[in-house]
Amino acid sequence: MIGALPTPLYKLFNLQTLFLEQNELTNVDAIGEYRHLEHLALSKNNFQGALPESFKNLKKLKTLYLHTNSFTGQIFDTLKDFVGLELLDIAFNQFEGTLPAEFGNMKNLTSVFVGHNRFNGNIPEEIGNCKNLKEFQVDGSHDIGGTIPSALGNLPELTFLKLDTCAFSGQLPMSLGNAKKLSFLDVNSNDLSGNIPTQLGKAISLKTLGLANNNFAGDVPSEFGNLEKLEKLYLQNTDLSGVMPEEVCALRDRDNATVLEVLFVPCDVECDLQTCCTQCS
């Protein structure tokens, strides 16, 4: 499909689901006619510029996929009142502005993907009100920084947290150890510093833990040995030092059903087991 939607489609006033991904559409200016729309997918088209003004009429939306276009403007001026949203994927566009405090009013949110845009500022603390949130991704956004909100660690359903390649600074929140269902945590390539919180050893569902390319110092926590589901651990290009804890090396035991397959550490971290660590990577 090329260009604008065919006019007859706009007569389907009671439409609730509209998936138009992977076309060459450039114009959906009349999208607001679908006032009953709950599920909309416009990803991977040729859209440019701001969202149509009529988009404000779609307040019944539950899922919205806009990723991989060239949308611009301040999208949250439109979406901040969409309190029924459950899934929001607007990654890989050129949206601007800040992530709104109104996220805290979207209590039904389960998945948020907003990376690779031109957003700036911080992640609002109000995200902690989204107790159903399972996936949160803000990556490839060099103007988003400040401290990582401790509220993220108190989300009981959180399984996926991707915050790499941004400008986050300060210490990694100790509260992330409270996220018992968290299986994927990636904060690679930020400006985080201080010691790695030992409390991360309580996030027992972790399978992937990316802490590389930061300014972490001190020792690798021996508490990581409690992460018996851990498969990938990235610590390279940090200021960590000392000796790799035996508890972590034990996760590389090939007789163990939960094998740590990937372990990258800085050159300054020694290891007693030659087969344990891949260094200087």
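The values are calculated or read from the model by the stated rules, or taken from the named source; none is laboratory data. All figures in this text were calculated on a predicted structure; none of them were measured in a lab. Don't worry about glycine lacking a Cβ; one is built from the backbone with ideal geometry, like all the others, and counts go over all protein chains shown.
Looking across the stretch 87-111, the residues that are surrounded by fewer than 18 Cβ atoms within 10 Å (Cβ to Cβ) and either of a type outside the set (Ser, Thr, Tyr) or in contact with a Ser or Thr (Cβ under 8 Å, 6 or more places away or on another chain) (or both) come down to 94, 96, 97, 101, 102, 104, 105, 107, 108.
Being surrounded by fewer than 23 Cβ atoms within 10 Å (Cβ to Cβ), touching a strand residue (DSSP E or B) at 6+ places or on another chain (Cβ under 7 Å), at pLDDT 95 or above and within 20 Å of residue 172 (Cβ to Cβ) is the requirement here; does residue 121 meet it? Yes. Taking the stated definitions as given, is residue 160 modelled with pLDDT of 95 or more, within 10 Å of the chain's Cα centre (by Cα) and either surrounded by fewer than 20 Cβ atoms within 10 Å (Cβ to Cβ) or among the charged types (D, E, K, R) (or both)? When the stated conditions are applied, residue 160 passes them. State all residues of the stretch 32-71 that are at positive phi and among the aliphatic types (A, V, I, L, M); if no residue qualifies, say none. None; the set is empty. When you scan the stretch 97-111, do you find a residue that is over 24 Å from residue 39 (Cα atoms) and either in a loop (DSSP other than H, G, I, E, B) or more than 16 Å from the chain's Cα centre (by Cα) (or both), even just one? Taking every residue of the stretch 97-111 in turn, at least one turns out to be over 24 Å from residue 39 (Cα atoms) and either in a loop (DSSP other than H, G, I, E, B) or more than 16 Å from the chain's Cα centre (by Cα) (or both).
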